[in-house]
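The values are calculated or read from the model by the stated rules, or taken from the named source; none is laboratory data. None of the values given here were measured: they were computed from a predicted structure. Cβ: placed from backbone, ideal geometry, glycine included. Neighbour counts: every protein chain shown.
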Amino acid sequence: MPAPLATDLAEGRSHLAIYDDENKLKLGTFATNVSYGLSISEAPTTYEVSWEHTRKLARQSDAMGLDMVVPVSRWRGFGGATNFNGESFDTYTWAAGLAQVTERIMVFATSHVPVIHPIVAAKQAATVDHISNGRFGLNLVMGWFTPELEMFGSSQREHDERYRVGDEWLHIVKRLWTEEDPFSVDGAFYSVKDAQSWPKPIQRPHPVIMNAGASPAGSDFSARHADVSFIAVKDPATAAERIQRFKSDAFDKYHRNPLVFSGAYVVCADTEEEAHDQLRSVVDGGDREAARNLMQVLGIQSGSFDEILAQATEDAFITGWGTPVFLGTPEQITDRLIGLENAGISGVTLGFHDYERGLEHFGESVLPLLRQAGLRA
Ligand SMILES: Cc1cc2nc3c(=O)[nH]c(=O)nc-3n(C[C@H](O)[C@H](O)[C@H](O)COP(=O)(O)O)c2cc1C
């Protein structure tokens, strides 16, 4: 029997913002739990990692009607003057806290598969799903930053094996979320005995799974398991074809229909000149040592950043570390977002150098244009 379609799975999740048909293009924020967010730069900003500030941003996003907040899972920084991302809130407890102070927006945790035991993950996720009344999502990352994994006394696995670990991990987590009876697994990577977890999550059949695997193994994992899959859209001209190919693969191979999301680093101002000035300020304040460290780690340790690295400049890393920069006036930003939606993207996570000001300006100037275009209610 074929696996159920992700759209069928949406039944027990129809209350979720990401399945709200009124908003054709879902929107959320990314990286508001880590120091410097997506900007490897000391340029002036109101952004900081404090509970007060991250909570304010989540509530601001919720009040604007955005659909998700997605954190970064990070255990150490990348050095340089900023020690970029060196401060980070643990994502499960961050999501729990935000779940309590928001109403509609989905709160995600980003979980490093190799360092969180599946029984712990299943229970933490179920707990946040209850706190949020069924608004929790789990973004799964396999880990590519070796020094981070070495902190735990583990060694890095071969790239594709990380995704095989992920398969087994998620198999156990899903069973804990959905099965009534205790079960045992004696797998290649995990063995659990009489495993059980109560209460079950509120979402049926289980909380939304997100994944951003980009390599062939990562993309296949995403097609097989994710309800929301990320595709990095570098070149708008070829995006539609790549997105369609991913969707067809997911359907043909697994009879699944995940939503496809992408990311944007937004530098928006009332005039193009002002937007360029803002970008220039981020580049001028760039922490080049941290950017170089990050590029080096990515080059060595991830299986699929090669293409990005080949074209990337330090500047491109400083401004969003590889996320496409959406630069310009509200009209220009709107056009880019419409372009993504036309290419088959259902949602976009947004990064800003200054999230608070960026979100405010986005809410005042871009959201009305997206409403006019029929992409937002
Ligand atoms: C939106 C998004 C969020 C991600 N979050 C994290 C994260 O929090 N921690 C992490 O180590 N990697 C993160 N990644 C990296 C991916 O999980 C993945 O490793 C990367 O896209 C490379 O793909 P590959 O693992 O198939 O080589 C993220 C990527 C994207 C696009």
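Descriptive notes on the structure:
- Within the range 345-364, the set of residues being within 13 Å of LEU375 (Cα to Cα) and either touching a Gly at 6+ places or on another chain (Cβ under 6 Å) or in a loop (DSSP other than H, G, I, E, B) (or both) comprises ILE345, SER346.
- So ASN211, is it touching a Gly at 6+ places or on another chain (Cβ under 8 Å), at pLDDT 95 or above and either more than 17 Å from PHE317 (Cβ to Cβ) or within 16 Å of the ligand (Cβ to nearest atom) (or both): yes
- Conditions (1) touching a residue at least 12 places away in the same chain (Cβ under 8 Å); (2) more than 30 Å from ARG288 (Cα to Cα); (3) of a type in the set (Val, Ile, Thr): number failed by THR91: (2)
- Among strands (runs of 3 or more DSSP E) entirely within the range 182-243, having at least 3 residues that are exposed (fewer than 15 other Cβ atoms within 10 Å of the Cβ) singles out 183-186, 191-195.
- Evaluation of GLN278 against the conditions (1) of a type in the set (S, T, N, Q); (2) more than 16 Å from the ligand (Cβ to nearest atom); (3) closer than 26 Å to ALA223 by Cβ; (4) buried (at least 16 other Cβ atoms within 10 Å of the Cβ) shows that the sole unmet condition is (3).
- Total residues in the range 147-181, condition within 13 Å of the ligand (Cβ to nearest atom), free of Cβ contacts under 8 Å to residues at least 60 places away in the same chain and surrounded by 14 or more Cβ atoms within 10 Å (Cβ to Cβ): 8
- Looking across ASN139, ASN133, one residue alone is surrounded by fewer than 17 Cβ atoms within 10 Å (Cβ to Cβ) and closer than 17 Å to TYR92 by Cα. It is ASN133.
- One residue from ARG242, ARG224 being without any contact (Cβ under 8 Å) to a residue 12 or more places away in the chain and within 16 Å of the ligand (Cβ to nearest atom): ARG242
Residue-by-condition table, conditions (1) in contact with a strand residue (DSSP E or B) (Cβ under 6 Å, 6 or more places away or on another chain); (2) on the phi < 0 side of the Ramachandran plot:
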| site | (1), (2) |
| --- | --- |
| VAL69 | yes, yes |
| VAL72 | yes, yes |
| GLY80 | no, no |
| THR93 | no, yes |
| ALA99 | yes, yes |
| THR102 | no, yes |
| PRO114 | no, yes |
| LEU138 | yes, yes |
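- Test for PRO182: is it touching a Lys or Arg at 6+ places or on another chain (Cβ under 8 Å), more than 29 Å from SER61 (Cβ to Cβ) and of a type outside the set (A, V, I, L, M): no
- Residues of the range 182-198 classified as without any contact (Cβ under 8 Å) to a residue 12 or more places away in the chain and of a type in the set (S, T, N, Q), total: 2
- Just one of the numbered conditions (1) in contact with a His (Cβ under 7 Å, 6 or more places away or on another chain); (2) within 16 Å of the ligand (Cβ to nearest atom) is not true of THR45: (2).
- The range 312-340, residues that are within 30 Å of ASN83 (Cβ to Cβ) and not in a loop (DSSP other than H, G, I, E, B): GLU314, ASP315, ALA316, PHE317, ILE318, THR319, VAL325, PHE326, LEU327
- Residues that are of a type in the set (A, V, I, L, M) and either touching an Asp or Glu at 6+ places or on another chain (Cβ under 7 Å) or within 25 Å of ARG157 (Cβ to Cβ) (or both), drawn from the range 217-271: ALA217, ALA223, ALA226, VAL228, ILE231, ALA232, ALA250, LEU259
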